[in-house]
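In what follows, a structure is listed as structure tokens, so that the remarks can point back to it.
The values are calculated or read from the model by the stated rules, or taken from the named source; none is laboratory data. If you're wondering where the values come from, they're calculated on a predicted model, not measured in any experiment. Cβ sites come from the backbone with ideal geometry, for glycine too, and all protein chains shown count toward neighbours. Areas reflect the complete protein model, heavy atoms only, side chains present, ligands, DNA and RNA absent. Shrake-Rupley method; radii C 1.70, N 1.55, O 1.52, S 1.80 Å.
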Amino acid sequence: MKIQRLTTKREKGYSAPDIQEAIDRLGRLEDLYEALYAEQDRITADMERLSQAGRTKSATYRQLFASKMNVANLISRMEIYM
């Protein structure tokens with residue numbers, strides 16, 4: 001589902017007819033960004049525990065590695081526009 005754009009891009013910056021709605025959405029996007037970093041930290045900690053237990057070849061470790069890469073990709077994509 002494509003979201004409805006709340007801002008209009010101008011030559012220098014952006015404008016929004018409903019500033020409060022735009023601020024609310026920006027706040028939710030910032031919440032998402034923070035949640036992705038928290039998830040990345042949790043995944044890294046879980047991977048470290050498995051690594052210390054010698055389980056780097058386990059399916060769980062590999063799934064966590066894939067999740068870590070996906071989260072890192074999302075963070076990178078968000079940072080391009082921040």
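Annotations for the structure displayed:
- Heavy atoms of S51: accessible area, 1.4 Å probe, square angstrom to 10: 50 Å²
- The portion of the accessible surface of the chain made up by carbon and sulfur, rounded to a whole percent, is 53 (1.4 Å probe; DNA, RNA and ligands excluded).
- In this view, the solvent-accessible surface of Y61, computed with a 1.4 Å probe and all protein chains in place, comes to about 50 Å².
- Legend: calculated FRET efficiency, Q4 to L74, from the Cβ-Cβ distance at R0 = 22 Å, rounded to 0.05, equals 0.55.
- The range 1-30: trypsin sites (Lys or Arg not before Pro) in DSSP coil with no more than 12 other Cβ atoms inside 10 Å: K2, R5, K12
- Helical mean residue ellipticity (222 nm; -39500 (n - 2.57) per DSSP H run of 4+; nearest 500) of the chain: -24500 deg cm²/dmol
- Of all lysines in the structure, those lying under 20 Å Cα to Cα from K57, and not within fewer than 8 positions of it along the same chain, are K68.
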